[in-house]
Structures are given as C-alpha cells and as structure tokens.
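Asks: I have a structure I would like to understand better, so I am pasting it below and will then ask my questions one at a time.
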Amino acid sequence: MAGRRSPSISSRKQPQQARSSELVAAILDAAVQVLTKQGAQGFTTARVAERAGVSVGSLYQYFPNKAAILFRLQSDEWRQTTALLRDILEDAARPPLDRLRALVHAFIRSECDEAAVRVALSDAAPLYRDAPEAHEARASSEGTIEAFMREALPKAPDAMRRMAGDLITTTLSAVGKDFSESPRTRAEISAYADAMADMFCAYLKSLGRQ
C-alpha cells in the first residue's frame with residue numbers, strides 16, 4: 001500500500017509587489033505572535049489570519065496550510081543561523097579558535113533572545129521535519145562547518161574533522177536549546193557561553209595534538 005504523502009509545506013507563490021510582500025510579512029509577524037502565545041498545539045491558520053487582520057483566503061494565497069507557515073518560520077530561522085555561521089566562521093582575519101568562541105557567544109545569545117518561538121517551532125517539527133525541503137535547509141550550513149574544520153584541524157584526517165564538526169554543532173544546538181528554556185540574565189548567558197567555548201576550544205586543541 002502506498003504511504004501517505006506529507007502535506008505540502010512550500011509557499012503557494014512568492015510575493016511580486018510591495019503590497020504582497022507587506023501582506024506576507026504581516027502574516028509571518030502574526031504567526032510568530034500566535035506561536036509564542038498559543039504554542040504549537042494552539043497554532044491555526046484562522047488565528048494567524050485574525051491576528052494579521054486578513055482573510056483566511058488571503059492567507060491561503062501564499063500558504064496552503066499551517067505547516068507551510070511554520071516551515072517558513074523555521075526556514076527563516078535556519079537561514080539566519082547559517083548567515084551567523086558564515087559571518088563568524090569565514091572571518092579569515094581571526095584565528096579559528098577566536099571565531100569558534102565568538103560563534104558560541106552569538107549563538108547562545110540568539111537562542112535566549114528567541115527562546116519562545118524556537119521552543120514552539122521544535123514542538124511543531126513533526127509537521128515538516130521529514131519533508132525534502134527540510135533536509136535541504138538543514139544541510140545548507142554543512143559546507144561552512146567543513147571549511148572551518150579544515151582550518152582549525154589542518155593535519156587531522158577527514159573523518160576526525162567531520163566528527164568534531166558534528167559533535168560541536170549538535171552539542172551547541174541541543175545544549176543551547178535546553179539552556180534557553182529558562183529565563184537568563186546577560187551575565188548568566190556570557191558565563192555559560194564562556195564555559196562552552198572553553199570546552200570546545202580545549203577539545204579542538206587536543207585533537208590538533210594527536
């Protein structure tokens with residue numbers, strides 16, 4: 001028997017005019033507000049449309065269902081994270097470990113600043129996490145990490161560099177999410193980021209000596 005197909009999570013069309021772009025921006029802004037207040041379980045297209053002050057029909061011109069809206073929010077978050085990675089890790093004027101330390105601080109701050117939305121998006125992930133678009137979006141930052149690891153561990157085997165990159169990014173994401181789920185002061189964020197950066201830098205130094 002053929003398996004059930006996942007609902008489409010792609011936008012129906014891209015806005016071509018300023019007015020259309022403003023409408024999509026209003027829908028996405030409303031979606032963030034609804035997601036933050038209602039969580040993934042209470043997130044509906046009707047609530048988003050009401051919050052944005054538009055008809056559900058207008059919303060459906062651009063997003064076929066709630067999964068498409070949530071995926072767009074998640075895609076935007078992935079793009080922002082990828083841009084953060086590139087801006088910091090590709091800065092050749094700074095030593096690799098300095099870049100890694102800066103990345104940890106920037107990432108942890110970002111996780112805490114946007115914790116409510118990210119927790120809700122994580123809860124909504126079953127709606128889109130297995131879609132091809134989701135796999136493509138998650139893979140977009142791999143090249144940046146691989147290039148950074150070649151700089152940080154120039155003499156290490158490829159397998160070691162891949163393992164180190166995966167360990168750092170997975171740990172940073174998982175621990176950052178857990179840390180950001182409780183309110184944090186700026187001092188707490190800085191101290192925690194320092195500790196994580198110290199751990200990662202010590203790990204890379206140990207690999208570099210092998």
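The values are calculated or read from the model by the stated rules, or taken from the named source; none is laboratory data. None of these values were measured; they are calculated from a predicted model. Virtual Cβ from ideal backbone geometry, glycine too; neighbours counted across all protein chains shown. Ligands, DNA and RNA are stripped out before the accessible areas are found, and what is left, the full protein with its side chains, is counted by its heavy atoms. Shrake-Rupley method; radii C 1.70, N 1.55, O 1.52, S 1.80 Å.
Asks: Taking region 78-113, which residues are assigned to a helix (DSSP H, G or I) and either open to solvent by 80 Å² or more (accessible area, probe 1.4 Å) or not assigned by the TED database to the domain that holds ALA197 (or both)? First the steps, then the outcome.
Replies: Of all residues in region 78-113, those assigned to a helix (DSSP H, G or I) come to 78-89, 96-113.
Scanning region 78-113 gives ARG79, GLN80, ARG86, ASP87, ARG109, ASP113.
Asks: In region 34-65, how many are in a helix (DSSP H, G or I) and open to solvent by 50 Å² or more (accessible area, probe 1.4 Å)? Walk me through it before giving the result.
Replies: Filtering region 34-65 for residues in a helix (DSSP H, G or I) gives 34-38, 45-52, 56-60.
In the following step, the residues that additionally are open to solvent by 50 Å² or more (accessible area, probe 1.4 Å) were identified as 36-38, 46-47, 50-51, 56, 60.
Qualifying residue count for the region: 9.
Asks: Take ALA68 and decide whether it is modelled with pLDDT under 95 and buried (at least 18 other Cβ atoms within 10 Å of the Cβ).
Replies: On the way: modelled with pLDDT under 95: yes; buried (at least 18 other Cβ atoms within 10 Å of the Cβ): yes.
So ALA68 fits the description; yes.
Asks: Moving on to the next point. Suppose the filter is open to solvent by 50 Å² or more (accessible area, probe 1.4 Å), within 14 Å of the chain's Cα centre (by Cα) and more than 16 Å from ILE168 (Cα to Cα); does ALA116 pass it?
Replies: Details: open to solvent by 50 Å² or more (accessible area, probe 1.4 Å): yes; within 14 Å of the chain's Cα centre (by Cα): yes; more than 16 Å from ILE168 (Cα to Cα): yes.
Spelling it out, ALA116 is indeed open to solvent by 50 Å² or more (accessible area, probe 1.4 Å), within 14 Å of the chain's Cα centre (by Cα) and more than 16 Å from ILE168 (Cα to Cα).
Asks: Any residue in region 145-152 that is closer than 30 Å to ILE69 by Cβ and at pLDDT below 95? Step through it out loud before you land on a result.
Replies: Residues of region 145-152 that are closer than 30 Å to ILE69 by Cβ, as a first pass: 145.
Filter once more, keeping what is at pLDDT below 95: 145.
Scanning region 145-152 turns up at least one residue that is closer than 30 Å to ILE69 by Cβ and at pLDDT below 95.
Asks: Please go through (1) in contact with a Lys or Arg (Cβ under 9 Å, 6 or more places away or on another chain); (2) outside the structural domain of LEU172 (by the TED database); (3) within 30 Å of ALA195 (Cβ to Cβ) for THR36 and return the number of the only condition it doesn't satisfy.
Replies: (1) is the only condition that THR36 fails.
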